[in-house]
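Okay, so here's the structure we're looking at.
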């Protein structure tokens, strides 16, 4: 299965945070799944760290290394993702989440996110407690 993990889920995974449900952690660690993180998530972390709105156990360079160390893929923002974004109803204000939603819809991926507003866009979302 191709799984796109949102920013918060990625942070919780790499920092081994207990807020990430154990069932989700197992799915992320399952080598039969392809785990993908959006470049938008890395961009979001960088901005929030620069503004002191996010504190992580390492810098952004190390976070990117953790993507590769865990065997995850990074998906860029492609023109078709932006086109899909232009068709989304404006239900959610977060620009990073909106592009992640459009990527999941465009690429037919499941999203791992605790954010229930994603459901309003018809994406396949996983979050088992």
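Numbers at a glance
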{"read-out": "Lone unmet requirement of (1) in contact with a strand residue (DSSP E or B) (Cβ under 9 Å, 6 or more places away or on another chain); (2) buried (at least 19 other Cβ atoms within 10 Å of the Cβ) for residue 39", "value": "(2)"}
{"read-out": "Boolean, residue 100 is touching a strand residue (DSSP E or B) at 6+ places or on another chain (Cβ under 6 Å) and closer than 18 Å to residue 127 by Cβ", "value": "yes"}
{"read-out": "Condition met for residue 113 (touching a strand residue (DSSP E or B) at 6+ places or on another chain (Cβ under 9 Å), surrounded by 15 or more Cβ atoms within 10 Å (Cβ to Cβ) and in contact (Cβ under 8 Å) with a residue 60 or more places away in the chain)", "value": "yes"}
{"read-out": "Positions within the stretch 49-82 being without any contact (Cβ under 8 Å) to a residue 12 or more places away in the chain, assigned to a helix (DSSP H, G or I) and more than 22 Å from residue 28 (Cβ to Cβ), in sequence order", "value": "49, 50, 79"}
{"read-out": "Residue 26 vs. criteria part of a helix (DSSP H, G or I), over 15 Å from the mean Cα position of the chain (by Cα) and within 16 Å of residue 2 (Cα to Cα)", "value": "yes"}
{"read-out": "Filter result for residue 44 (in a helix (DSSP H, G or I) and either touching a strand residue (DSSP E or B) at 6+ places or on another chain (Cβ under 8 Å) or closer than 21 Å to residue 107 by Cα (or both))", "value": "yes"}
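Read-outs: derived from the displayed coordinates by stated rules, not from any lab. No experiment lies behind these values; they were computed from the predicted model shown. Glycine gets a Cβ as well: all are built from the backbone with ideal geometry, and neighbour counts include every protein chain shown.
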